[in-house]
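What follows draws every value from the coordinates through simple rules; no lab data is involved. Just so we're clear, the structure is a prediction, and the values are computed from it rather than from any experiment. We place every Cβ from the backbone using ideal geometry, glycine too, and count neighbours over all the protein chains shown.
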Amino acid sequence: MESTTVKKTIQKTLDQLGVKSQNFGTSTGSESFGNGETIKSFSPVDGELIGSVLSTTKADYEKVLNSAQLAYKTWRLKPAPLRGEIVRQFGDKLRELKQPLGELVSYEMGKSLQEGLGEVQEMIDICEFAVGLSRQLHGLTMHSERPGHRMYEQYHPLGIVGIISAFNFPVAVWSWNTALAWICGDVCVWKASEKAPLCSIACQNIIAKVLKDNNLPEGISCIINGNYKVGEFMTTDSRIPLISATGSTRMGKIVSKTVGERLGKSLLELGGNNAIIVTPDADLKMTIIGAVFGAVGTAGQRCTSTRRLIIHESMYNKVKEALVSAYKQLRIGNPLNENNHVGPLIDKDAVEMYQLALKKAIDEGGTILVEGGVLSGKGYESGCYVKPAIVEADNHFEIVQHETFAPILYLLKYTGSVENAIDIQNGVKQGLSSAIMTNNLREAELFLSQLGSDCGIANVNIGTSGAEIGGAFGGEKETGGGRESGSDAWKIYMRRQTNTINYTTELPLAQGIKFDL
Ligand code: NAD
């Protein structure tokens, strides 16, 4: 697409989403304001300035918190299914605005338009899930040891949920949190990534309209904008019982310590170092599709991106050749053009990290199989486009042990049984996503057993990348242990209470204790 066409499309998109070129960064729904520094949002697609937002000051933050606290008083009293009705309306609005919002995600973050639209689809899906769940926030009942007593547990809202999100899923991660938190009776304050602030303003505009149309307090959904310092307003604030933070492990360690010091709860969704094991019984075609999409999709900037391929020696050369041939067919360029497979990295810092990682891999003894490099010239003016690279490496290399948020795939060879491959797969500090490609039932089941993958996600004959909202999403070890999205992930957004009711005229004590007066 020519850059004038892109500009026209994006202007239309911003208009449809109500995002003006100069929007304030702090919002309690209908009211927007800001007094802080300006954050400029440049598109990694063409390097153009899309718009700017104002960073939230401490005084602005206090306004937001007051608004959220006030809104909570009303919102928690609304029956959960009625809260679900608001989420349903929000989901409908997202359906209407899927195209412009998907375009903005693609243009501001740099992922392909298909993936941008897919991200909005995830938002729609989680809304649907949350609507159903709003009639299902169930606790257990249990038998009391005392006669004439009944015991059960129930869940109440927590209060204000603080959401800190990463640049690579600039809208979906917020919705995973907020759709569930809302039906649970919580209100949310969102600090989006400073690298994709306009996406958060677009989302806020959409929900603010739904709240206004329903005469609901604006503070049910608030946004604040800025860098980590603005995030710290929330992590240090004991008025926020739960902080849900998505981002790097480095960030997660700081957030968890800060929130832990005030004994708050944190839900952490951090970095991954995901691997696919390729066994002697793997289907080669499926393996190549899974590995290539996993490694180069979103230019390797997914938390679930495939970073390591652990290949049995008997398959090694076949996989290697097929990968080299597949990489030759990759088209790198404007992600809004559906013909391209790989878009840009988020910014020039990310490009530098990519270059540094390749250099380190070579310094440590790796062999370049598919050469990387930064692209320049027509269509690559932003300086953020890089070539997906493949390096033959060893799991113990320092760089292989790290998550580099770029399209670099490490090939690792294993010999002998699948247990050796599992050892390599688990031999990193992160524990997000993992996969095995095999038609051998014994190997597949071992991989899924307690002796197998130590990750939060373990797949058979599917790559590591992407997940459906129906399952709980998250990872172990340095990925942070949090779970979001489907299954019973909603429980983190609520406080649990155990209730015992005595319907007799006696007061028996538990554990048979006697206390006669
Ligand atoms: P990042 O850690 O640089 O920033 C993430 C967010 O945290 C931003 O909003 C940032 O402003 C905020 N932040 C940073 N330091 C903070 C602090 N001390 N206090 C409060 N807030 C702070 O991450 P990024 O570069 O935006 O995103 C890439 C990372 O996110 C990768 O590591 C990726 O694996 C991870 N990620 C994980 C998941 C998951 O579900 N596990 C999903 C998406 C991204």
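For the reader, a short list of remarks on this structure follows.
- Ranked from largest, the principal axis spans of the Cα set of the stretch 272-406 equal 43, 32, 23 Å.
- Take every DSSP beta bridge whose two residues both sit in the chain; close to 40 percent of them are antiparallel.
- Among the listed pairs Lys253/Lys491; Lys191/Lys477; Lys209/Lys253; Lys63/Lys195; Lys63/Lys257, those beyond 31 Å (Cα-Cα): Lys209/Lys253
- Label-point gap, in nm, between Arg442 and Ser487 - each point 7 angstrom along Cα→Cβ: 2.9 nm
- Scattering curve values for the chain, log₁₀ I(q)/I(0), Debye with Cα scatterers, q = 0.11, 0.12 Å⁻¹: -0.95, -1.09
- Leading residue at positive end of dipole, the stretch 275-380 (Cβ point charges), from Gly377, Gly343, Ala282: Gly377
- Here r is the Cβ-Cβ distance between Met151 and Ile462 and R0 is 51 Å; the resulting FRET efficiency, rounded to 0.05, is 0.75.
- Relative contact order of the stretch 274-473, pairs being alpha-carbon contacts under 8 Å that are 6 or more residues apart, as %: 29 percent
- The chain: relative contact order in percent, alpha carbon pairs under 8 Å with at least 6 residues between: 17 percent
- Which of Ser175, Asn227, Ser200, positive extreme of dipole for the stretch 168-253 (C-beta unit charges): Asn227
- Across the stretch 206-341, Cα-Cα distances exceeding 22 Å account for 61% of all pairs.
- DSSP loop chymotrypsin sites (Phe, Trp or Tyr not before Pro) with at most 13 other Cβ within 10 Å: longest gap in the chain: 1-502
- Debye intensity ratio I(q)/I(0), log10, the stretch 58-100, q values 0.20, 0.22, 0.28, 0.30 Å⁻¹ (C-alpha model): -0.77, -0.79, -0.85, -0.90
- Axial C-alpha extent at least 20 Å, average Kyte-Doolittle at least -1.0 - helices from the chain (DSSP): 58-75, 80-96, 113-133, 197-213, 313-328, 348-363
- With R₀ set to 41 Å, the beta-carbon distance separating Lys12 from Lys257 gives a calculated FRET efficiency near 0.40.
- Pairs of C-alpha atoms in the stretch 85-191 farther apart than 19 Å represent 53 percent of all such pairs.
- Rg/Rg_globular for the stretch 288-367, with Rg_globular taken as 2.2 N^0.38 Å and Rg from C-alpha atoms: 1.20
- Backbone amide hydrogens, once placed in the peptide plane, bring Lys413 within less than 5 Å of Ile311, excluding anything fewer than 5 places away on its chain.
- Model label points for Asp423 and Arg495, set 7 angstrom from Cα along the Cα-to-Cβ axis, are 4.8 nm apart.
- Calculated from the alpha-carbon coordinates, the stretch 174-253 shows an Rg and a Dmax of 13.0, 41 Å respectively.
- Partner aspartates and glutamates for Lys359 [C-alpha distance under 20 Å; skip if fewer than 8 residues away on the same chain]: Asp347, Asp349, Glu371, Glu392, Asp394, Glu398, Glu403
- If the segment from Val374 to Asn502 were pulled out straight at 0.36 nm per residue, it would be longer than the present Cα-Cα gap by 38.9 nm.
- Partner aspartates and glutamates whose Cα lies under 16 Å from the Cα of Lys212, excluding those fewer than 8 positions away in the same chain, are identified as Glu31, Glu85, Asp92.
- Evaluated with a Cβ-only charge set (Lys, Arg +1; Asp, Glu -1), the chain carries a dipole of roughly 1020 debye about its Cα centre, given to the nearest 20.
- Close amide-amide hydrogen proximity is noted between Val161 and Val187, Cys188, Val189, each under 5 Å apart and 5 or more residues distant or on a separate chain (H modeled in the peptide plane; Pro and chain starts excluded).
- The mean sequence separation of alpha-carbon pairs under 8 Å and at least six residues apart, normalised by the residue count of the stretch 47-146, gives a relative contact order of 28 percent.
- With neighbour counts taken as other beta-carbon atoms within 10 Å, the residues Val131, Val53, Val374 rank, fewest first, as Val374, Val131, Val53.
- Along the chain, longest interval not containing exposed GluC sites (Glu not before Pro), exposed being DSSP loop plus at most 16 other Cβ atoms within 10 Å: 146-337
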